[in-house]
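The values are calculated or read from the model by the stated rules, or taken from the named source; none is laboratory data. This one's a predicted model, so the numbers in the text were calculated from it and none came from an experiment. Reconstructed Cβ throughout: ideal geometry from the backbone, glycine too, with neighbour counts over all protein chains shown. Accessible surface is based on the protein model in full, side chains and every heavy atom, while ligands, DNA and RNA are left aside. Shrake-Rupley method; radii C 1.70, N 1.55, O 1.52, S 1.80 Å.
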Amino acid sequence: MTAPQGFRAACYTLEGLNSFAVTLYFNYLFFFLRDRFGLSDKENLACAALLGLTYAFAAWQAGRFARRCGYFTALQTGFGVMISGLVCGALLDSVPGQILAATAVNIGMCFIWPTLEALISESETPAHIPRAVGIYNIVWAATNALAFFIGGTLIEKAGYRIIFYLPLALVCVQFALVFWFKKIRPAVHAAGKNSAPAFDPNRPSPAKAKSFLRMAWLANPFAYIAINTLIAVLPGIAAKFQLSPMFAGFVCSLWCFARIGAFIALWRWPGWHYRFRWLVTAFATLILSFAAILMAPNLAVLLVAQLFFGVAIGLIYYSSLFYAMDASELKSEHGGIHEAAIGVGNCVGPAVGAAALQWVPQFASSGAIAVSALLLCGFGGLVRIWKNGR
């Protein structure tokens with residue numbers, strides 16, 4: 001038995017609304033910090049590193065909190081903390097105040113994503129988990145891309161306060177929806193927990209499956225090393241090509257749409273499951289496309305590199321979540337580990353980039369080179385795990 005249609009729709013509605021809200025807020029927060037307080041790329045990277053460090057610890061604990069205290073308690077806690085952070089962000093007019101507000105939004109978000117991942121996967125039979133994970137990925141990626149694409153336009157039309165007020169309104173709606181969500185949940189009881197998973201001709205032995213899980217958990221934070229470094233320096237990229245926030249949203253969101261295409265393809269075609277060559281190729285593509293985006297000499301290179309970047313990110317993220325949900329009974333806790341791994345990447349990438357710009361400020365590309373070197377180290381670790389698990 002799979003989850004009722006209304007329950008699935010509720011999960012995906014909460015997910016889509018939250019993805020739109022946090023993307024609009026966090027992706028354009030760095031533009032706001034630059035334009036309102038004059039923060040440089042180095043200072044924006046330092047802020048991003050701090051937020052990533054907070055996310056890593058909070059997400060891990062939030063996944064365990066959801067398992068101990070209940071999913072709906074976790075969702076209500078998360079939305080409540082996010083609301084507090086967004087209210088503070090709208091009212092406080094200082095860099096410390098904005099960092100404090102962003103930290104609160106960040107912590108609140110940690111209670112939401114591991115919980116939603118667990119609710120979606122635990123409410124499906126093993127045979128339906130790949131489909132559920134596929135739809136989950138497409139929903140959040142689509143609303144993420146939409147928020148990124150139109151965010152700059154909203155800012156130019158309504159001012160920077162829109163990045164606080166619109167997410168705040170959406171999170172309040174989500175908080176209210178949880179009470180309805182709670183009423184329809186009792187009809188679902190970890191559907192089909194003991195039923196057999198769908199036949200997968202690529203499924204390896206349990207030991208090798210665990211090695212794929214370890215590889216995906218390594219690759220995913222490195223993917224977010226690239227993503228969060230890129231988002232933190234987007235104001236600098238926009239300035240380089242003389243793009244307003246509106247046109248930065250149009251041009252620099254292309255990789256998000258490429259990621260949606262990758263998610264759809266991976267959802268419909270399972271041939272990539274437990275295939276090392278797909279994961280290692282994606283990682284290599286990630287490194288090359290990341291460096292090309294940050295050092296692009298013109299818009300054409302920037303656009304083409306984003307296409308490859310989005311596809312690579314899509315496969316790495318999908319692998320991490322699929323293997324975590326496919327190989328474990330502790331969905332919320334492993335969902336928390338998955339999100340904590342994202343937080344590690346969100347911290348380490350910007351921290352390395354900021355340090356490089358601090359130590360070698362005379363080279364504008366020092367941050368990009370340092371983070372690319374870090375990604376190469378991750379690539380070596382991926383290959384080592386594969387060799388040890390063969």
Checklist entry - Which whole-number percent is the relative contact order of the chain (Cα, under 8 Å, 6+ apart)? => result 29 percent
Item to check | Selection from A356, F164, V133 lying farthest towards where the dipole of the chain points positive, charges on Cβ | outcome: V133
Item to check | Solvent exposure of the chain as accessible area per residue, Å², 1.4 Å probe | outcome: 39 Å²
Checklist outcome for this item: Honestly region 263-328 on the Cα gyration tensor test (a ≥ b ≥ c root eigenvalues; a/c under 1.5 rounded, otherwise a/b vs b/c for prolate or oblate) is just prolate
Item to check | Hz values of 3J(HN,Hα) by residue in region 76-89 - Karplus curve (6.51, -1.76, 1.60), Gly and Pro given as x | outcome: 5, 4, x, 5, x, 5, 4, 4, 4, x, 5, 4, 4, x
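Determine the shape class of the chain: with a ≥ b ≥ c the square roots of the Cα gyration tensor eigenvalues, call it rounded for a/c under 1.5, and otherwise prolate if a/b is greater than b/c, oblate otherwise. Mind dumping the intermediate values first?
Values: a/c = 1.79, a/b = 1.20, b/c = 1.49.
Taking the square roots of the gyration eigenvalues as a ≥ b ≥ c, the chain is oblate.
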